[in-house]
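Here's the structure, in structure tokens; my notes come after.
The values are calculated or read from the model by the stated rules, or taken from the named source; none is laboratory data. Model, not experiment: these values are computed from the prediction. Because the Cβ atoms are built from the backbone with ideal geometry, glycine has one as well, and the counts that use them run over all protein chains shown.
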């Protein structure tokens, strides 16, 4: 209630869509036919308000409810304690150093930085959260990279496709479009269309089966390990599942795969998008780049590696002022948050990106101005605390927030110690976006990495 009252004071417009039956007689006839066939599988699944993209995603912890959600959250939360995150810095640093070898070139060549950042972020979450080396960002001349090139290419393509197709607009699959208009019809239509080769639902189903099988392999290998001294989140979940009856009922095989996927999604797609956003925006603002590089160079010699405490305290312009905060405001990675009100049958959609562009809280909202988040800035002091909530607020806020920020800041420090970046002349302006469960750059972010002297 307090949050609702605060949002109302901010005059945030919430879209309320009644969930009454609006189908035509033809749709009702079709519904009667298909529900008879899919009755058991469909009605046995608890659904969130609004259309669900697919069952694989419908099992995600971010969509879980009640005791299942609280058990999941409490089990996973210990992985993201500051003491554990501090121990991950060397692992993250190693992945970053390996990945940046792919940028070593004396030629001014275009790179699709959004692809680079996705491989980097996926490898980092693989090492830190799964204890698995995906090897996506290894140097091009690495023999393991070359032998696994096709697997890397397929994995990246499947991962990108699965995230970009999680849409809730008219560019999504036909079943999603139906779900937007008549939610009760989405699942029956999806069950039919996923069996018809060539349809978007069929492609999504095929991709998710392949991606799910890869994640299942990771889980299966972890389950074979009896002595689980590893502190990664997957080992923690499996250990909890084996030691507590309630956890075994909560962490079923489907949910273990789902929580693995959520960490892959949250730890790679969102982090990659934000990292690409920062580099792109800074490259277009020389005054920001100059101040950022001065701060990073002032930390110490280039071979001096920052620890977790350094990342928190030694880079105020990068963190607190903040280049990262302003980039996340400018390009809000999660465009919509869906919830339901106490009035049964009402959806509530909160557009975080719209909220972050409100000129009442952010004067000149379409300008990239990191100084607006300076703690000493009057604009920051007067701004409503809920004006910019890229990680959400309350108990449902992103539990991996500190992990993600540590990963982003460490990457930026390492990259700007060695390079500056410039927009490619072949890159579109402004960048076109794809709107799904997370934002994505439609044609990528094309940059040129220039080695610093």
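Observations, loosely collected:
Conditions (1) at pLDDT 95 or above; (2) crowded, with 18+ Cβ neighbours inside 10 Å; (3) touching a helix residue (DSSP H, G or I) at 6+ places or on another chain (Cβ under 7 Å); (4) closer than 27 Å to residue 73 by Cα, marked per residue:
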{"residue": "334", "(1), (2), (3), (4)": "no, yes, yes, yes"}
{"residue": "340", "(1), (2), (3), (4)": "no, no, no, yes"}
{"residue": "343", "(1), (2), (3), (4)": "no, no, no, yes"}
{"residue": "348", "(1), (2), (3), (4)": "no, yes, no, yes"}
{"residue": "382", "(1), (2), (3), (4)": "no, no, no, no"}
{"residue": "388", "(1), (2), (3), (4)": "no, yes, yes, yes"}
{"residue": "395", "(1), (2), (3), (4)": "no, no, no, yes"}
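- In the stretch 266-318, counting only helices (runs of 4 or more DSSP H) that sit wholly within it, the ones holding 1 or more residues that are farther than 24 Å from residue 84 by Cβ and under 26 Å from the mean Cα position of the chain (by Cα) span 270-283, 286-297.
- In the stretch 249-260, the residues that are in a helix (DSSP H, G or I) and surrounded by 21 or more Cβ atoms within 10 Å (Cβ to Cβ): 250, 256, 258, 259, 260
- Top-ranked residue in the stretch 100-124 [being touching a strand residue (DSSP E or B) at 6+ places or on another chain (Cβ under 9 Å) and more than 19 Å from residue 272 (Cβ to Cβ); ranked as modelled with the highest pLDDT]: 109
- Selection of helices (runs of 4 or more DSSP H) fully inside the stretch 346-453 by the criterion of at least 1 residues being farther than 21 Å from residue 329 by Cβ returns 401-418.
- Close pairs (6 angstrom Cβ cut-off, 6 or more residues apart or separate chains): under 13 Å from residue 98 (Cβ atoms) in the stretch 410-421, surrounded by fewer than 21 Cβ atoms within 10 Å (Cβ to Cβ) anywhere: 411/96; 414/96
- Test: residue in the stretch 340-353 that is more than 19 Å from the chain's Cα centre (by Cα), in contact (Cβ under 8 Å) with a residue 24 or more places away in the chain and under 23 Å from residue 441 (Cβ atoms): no
- The one condition in (1) in contact (Cβ under 8 Å) with a residue 24 or more places away in the chain; (2) under 30 Å from residue 260 (Cβ atoms); (3) surrounded by 16 or more Cβ atoms within 10 Å (Cβ to Cβ) that residue 361 fails to fulfil: (2)
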